[in-house]
Amino acid sequence: ADWRDFFACRTVRLATILFLLSLFLHTWVGVRDILMDYLKPVSIRLTAEVLTILALIAYAAWSIQILWGIQ
């Protein structure tokens, strides 16, 4: 109950979204650099980048669901 009350505040939710956005953007930059260094064929690299973006979006949604207690 305390956890839900804490995350019910709009300021905390905004801070959570900003934190997750910065975390996943930082992750994206790092993974993108690794993919650009080691995957030379463009089709394979593009596929890996798209899959990474989709995974990061799913992780962000899952993180919000866990933290905010969305059922």
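Using a Gaussian network model of the chain with C-alpha springs under 10 Å, which one of Leu20, Leu56, Leu46 is most mobile by mean-square fluctuation?
Leu46
Have a look at Val31, Val42, Val12 and tell me which one the Gaussian network model of the chain (Cα, springs below 10 Å) gives the largest fluctuation.
Val42
Choose one answer from Thr16, Thr47, Thr27: the residue with the largest mean-square fluctuation in a GNM of the chain with alpha-carbon springs under 10 Å.
Thr47
Take the solvent-accessible surface of the protein heavy atoms, probe 1.4 Å, and return the percent of it on the chain that carbon and sulfur atoms account for.
On the chain, the fraction of accessible area on carbon and sulfur atoms equals 71 percent.
Which residues among region 17-37 fall inside the zone where the amide N is under 19 Å from a point 7 Å beyond the Cα of Ile44, along Cα→Cβ?
31-37
Could you tell me how many degrees, from 0 to 90 and to the nearest 10, lie between the Cα long axis of helix 10-38 and the main elongation axis, the longest principal axis, of the Cα atoms of the chain?
10
Compare Ile53, Ile64 by solvent-accessible area with a 1.4 Å probe and give them largest first, with all protein chains kept in place.
Ile53, Ile64
The values are calculated or read from the model by the stated rules, or taken from the named source; none is laboratory data. Please read all numbers here as calculations on a predicted model, not as lab measurements. All Cβ positions, glycine included, derive from the backbone under ideal geometry; neighbour counts span all protein chains shown. Only protein heavy atoms, including side chains, enter the accessible area calculation; ligands, DNA and RNA are left aside. Shrake-Rupley method; radii C 1.70, N 1.55, O 1.52, S 1.80 Å.
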